[in-house]
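Presented below is the structure to which this report refers.
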Amino acid sequence: MTILALNPLVSPDPGLFIWSTVAFLLLFFLLSKFAWKPIVKALDERERSIEDALSKAEMAKEEMAKLTSENEQLLKQARIERDEILKQAKELKDQIVNDAKTSAQTEGAKMIEKARIEINNQKIAALAEVKDQVATLSLQIAEKVLRKQFEDQTKQQTLVNDLLKEVKLN
Amino acid sequence: MDLSHIFNSKKILNIVFSAVFITAMIFSAQAQETKKAEEPHVTKSEINAPHEEKEEDISQTILHHIADSHEWHFWGEGENKVAVPLPVILWTNNGFVTFLSNKHDHNDHGTEIFEEKGQQLINYHGKYYYPNAVKNAEGAYVELDENAVPTNAKPLDLSITKNVVSLFISVILLLIIFTSIAKAYKKREGKAPKGLQSILEPIILFVRDDIAKPQLGYRYAAFMPYLLTVFFFVWLNNLMGLIPFFPGGANLTGNIAVTMMLALCTFILTTINGNKNYWGHVFTPHVPWWLYPLMIPVEIIGLFTKPIALMIRLFANITAGHILILSLISLIFILKSVMVAGIAVPFVIFISVIELVVGFIQAFIFTILSALFIGMAVQEHAEH
C-alpha cells in the first residue's frame with residue numbers, strides 16, 4: 001500500500017471501488033437478462049433468416065436454370081424429331097415415286113411384250129392364210145394351165161411316152 | 001495468440017498512426033511554446049516571488065479536476081461557488097455517519113474538528129479523517145508523509161461522490177438505451193434496424209465479430225454479455241468524461257478504482273473459466289523440468305500482470321488525456337496572456353477530437369484484451 005499511496009491518483013478509493021463494483025455487476029446482470037440476450041438472439045435469428053433467404057433464392061435460381069435448360073433440351077429434341085420425321089417422309093415419298101416408276105416400267109414392258117407376241121401371232125396367222133391362199137390359187141392356176149395344155153391328144157401321148165422311157169431306163 | 005487481425009484492420013491502423021503523428025506534433029509545438037515562455041518566466045520569477053506558488057497551484061488544480069469530489073462543482077469559487085453538494089456516507093468507529101458535503105466543506109485544511117453522531121472528524125482537502133490528538137505546524141490535526149498525504153486513520157468513505165453519481169448516470173443511461181433497443185428487436189423481429197438500433201447494431205456486431213469471435217472461437221456466445229457490457233460501459237464513461245459539464249466531467253474511467261474493478265472482473269472470469277490446459281500451462285509449462293523453478297513463478301506473476309496491465313492502461317490513457325487538455329487550458333494562466341488562448345483552444349479542440357477516438361480505442365482494447373485473456377483460459381489445447 002505504501003507504493004500505491006505515493007500519489008492520490010494511483011491509490012484506489014475503496015468507496016468508489018465498492019460502488020462501481022455494485023453498479024457494474026447490477027448493470028451486467030440487468031443488461032444480460034433484459035438487453036444482450038434478446039439482442040444477440042435477434043441478431044443471430046435475423047442473420048440466419050437472411051442466410052436462409054439467400055440460399056433459398058440461390059436454389060430458386062438454380063431451379064430456374066435447370067428448368068430453362070430442360071426446356072431448351074426439350075425444344076432441341078422436338079426439333080430433332082421433327083427433322084427426323086420430315087426426313088423419313090421424304091424418303092418414303094421418294095420410295096413410293098420410285099416404286100411407281102419401276103412398276104410402271106415393268107408393266108409397260110410387259111404390255112409391249114404382249115403386244116409384240118400378239119403381233120407376231122397375227123403375222124404368222126396372216127402368213128399362213130396367205131400361204132393357203134397362194135396354194136389354192138396356184139393349184140387353180142395349175143389346173144387351168146394343165147387343162148389348157150392337155151386339150152390336144154398328141155401332146156398327152158408324148159408325155160406318156162417320155163414318162164415310159166424314163167421307167168425303162170430304171 | 002494471434003493478434004495480427006487487429007493490426008491488419010486498415011482503419012484502426014490509420015487512426016492509430018494519425019493519432020500518434022498528431023500527438024507528436026502537438027508535443028513538439030508545446031515544447032516550443034514553453035521555450036518561448038522561458039525568457040519572461042525567469043525575469044518574472046526573480047521579481048515576483050509568489051510565481052512558484054502559482055505554478056504549484058496549477059498542477060494542484062489539474063489534479064483536483066481529475067480527482068473525485070464530494071460535490072458537483074459547476075462554476076465560481078469561494079462565496080460565489082455554484083455546486084451541488086453530494087451526500088457523504090462514512091463507516092466510522094461509531095457506525096454509519098451521513099451528512100451533505102456542504103455542511104462541513106467551509107474548512108478543508110483540517111484545522112477544525114467537527115462532530116457527527118459523536119464521531120470527531122476533520123476535512124482535509126475534501127477527504128475525511130479521524131483527527132490527530134495534536135495540531136501540526138500548519139494548525140491542522142493531521143500528520144503528513146513526504147508526499148503531503150495524511151497518515152491519519154480514516155473512516156471507510158462510501159459517499160455518493162461525483163464519480164459515483166456519474167457512474168449511476170452512465171448505468172441508468174446504458175440500461176435505458178439497451179433495454180429500449182432490446183424492445184425494438186423484439187417488436188421489429190427479423191426486420192431491418194431503425195433509429196438508435198441501427199446506430200448501435202454495427203457496434204454490437206463489431207464486438208461480436210471482431211472482438212469475441214476471433215478470440216474465443218465457438219465459445220464466444222457465453223462471454224458476449226460481459227464483453228458487451230464492458231465495452232459500452234467503458235466507452236460511454238470515456239465519452240462522458242470528455243463532456244466538460246454536467247452530466248459529464250467526472251473522470252470515471254480515469255479513476256484507478258474503477259479500472260481496478262473492471263480488470264478484477266476480467267481476472268475473476270479468466271480464473272474461474274480457466275480449464276485444465278490453462279492451469280497446466282501455468283504449473284507445468286512446456287520447458288525442461290529444471291527450468292520449472294524459474295518458469296512457474298514467472299507464469300504465476302503473468303496471471304496477475306495481465307489484469308494489472310488492463311487496469312493501468314485504461315486509467316493512464318484516460319487520465320493522460322484529461323491532464324493534456326487541462327494543461328493546454330492552463331497554458332493561458334501560466335503565460336498570463338489571453339492571446340495564448342488563440343493557440344491553446346484550437347489545440348484543446350484538436351486533442352478533444354483525438355480523445356474521442358482514444359475513448360473508443362481504449363474501450364476496444366480493454367474489451368479485446370479481456371476476450372483474449374478469457375480465450376487463453378478456455379482454449380482446448382496450446383497452439384504452439
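The values are calculated or read from the model by the stated rules, or taken from the named source; none is laboratory data. In this text, all values refer to a predicted model and were calculated from it rather than measured experimentally. We place every Cβ from the backbone using ideal geometry, glycine too, and count neighbours over all the protein chains shown. Just the protein is used for accessible areas: all its heavy atoms, side chains included, with ligands, DNA and RNA removed. Shrake-Rupley method; radii C 1.70, N 1.55, O 1.52, S 1.80 Å.
Things worth noting here:
- Hits in the range B:309-321 (condition: buried (at least 18 other Cβ atoms within 10 Å of the Cβ) and within 11 Å of the chain's Cα centre (by Cα)): B:Met311, B:Leu314, B:Phe315, B:Asn317, B:Ile318, B:Thr319, B:Gly321
- Exclusive hit being among the hydrophobic types (A, V, I, L, M, F, W, C), within 16 Å of A:Ala23 (Cβ to Cβ), more than 10 Å from chain A (Cβ to nearest Cβ) and buried (at least 19 other Cβ atoms within 10 Å of the Cβ), set B:Ala250, B:Ala257: B:Ala250
- Exactly one residue out of A:Ala60, A:Ala42, A:Ala65, A:Ala53 is assigned to a helix (DSSP H, G or I) and facing another protein chain (nearest Cβ under 7 Å): that is A:Ala42.
- Sole residue being open to solvent by 30 Å² or more (accessible area, probe 1.4 Å), within 11 Å of chain A (Cβ to nearest Cβ), among the hydrophobic types (A, V, I, L, M, F, W, C) and assigned to a helix (DSSP H, G or I), chosen from B:Ile172, B:Ile181: B:Ile172
- Taking (1) within 23 Å of A:Val10 (Cα to Cα); (2) in a loop (DSSP other than H, G, I, E, B); (3) away from chain A (no Cβ under 14 Å) in turn, B:Leu324 satisfies each apart from (2).
- Qualifying residue in the range A:84-96 (condition: away from chain B (no Cβ under 14 Å), assigned to a helix (DSSP H, G or I) and open to solvent by less than 60 Å² (accessible area, probe 1.4 Å)): yes
- Scan of the range B:143-165 for residues that are more than 7 Å from chain A (Cβ to nearest Cβ) and in contact with a strand residue (DSSP E or B) (Cβ under 9 Å, 6 or more places away or on another chain), ordered by number: B:Glu143, B:Leu144, B:Pro150, B:Thr151, B:Asn152, B:Ala153, B:Lys154, B:Pro155, B:Ile160, B:Lys162, B:Val165
- Flag for B:Asn107 being surrounded by fewer than 19 Cβ atoms within 10 Å (Cβ to Cβ), out of contact with any strand residue (DSSP E or B) (no Cβ under 7 Å at 6 or more places or on another chain) and assigned to a loop (DSSP other than H, G, I, E, B): no
- Which listed residue, of B:Phe223, B:Phe232, is more than 18 Å from B:Gln362 (Cα to Cα) and of a type outside the set (Lys, Arg): B:Phe223
One line per residue, one yes/no per condition, for (1) surrounded by 10 or more Cβ atoms within 10 Å (Cβ to Cβ); (2) touching a His at 6+ places or on another chain (Cβ under 7 Å); (3) among the charged types (D, E, K, R):
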{"site": "A:Thr106", "(1), (2), (3)": "yes, no, no"}
{"site": "A:Lys114", "(1), (2), (3)": "yes, no, yes"}
{"site": "A:Ala125", "(1), (2), (3)": "yes, no, no"}
{"site": "A:Asp132", "(1), (2), (3)": "yes, no, yes"}
{"site": "A:Ala135", "(1), (2), (3)": "yes, no, no"}
{"site": "A:Ser138", "(1), (2), (3)": "yes, no, no"}
{"site": "A:Leu146", "(1), (2), (3)": "yes, no, no"}
{"site": "A:Gln153", "(1), (2), (3)": "no, no, no"}
{"site": "A:Asn161", "(1), (2), (3)": "yes, no, no"}
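- Tally, over the range B:220-256, of residues that are out of contact with any Gly (no Cβ under 8 Å at 6 or more places or on another chain) and part of a helix (DSSP H, G or I): 18
- Residue that is farthest from B:Ala309 (Cα to Cα) [pool: residues in the range B:331-381 that are in a loop (DSSP other than H, G, I, E, B) and either open to solvent by less than 30 Å² (accessible area, probe 1.4 Å) or charged (D, E, K, R) (or both)]: B:Lys336
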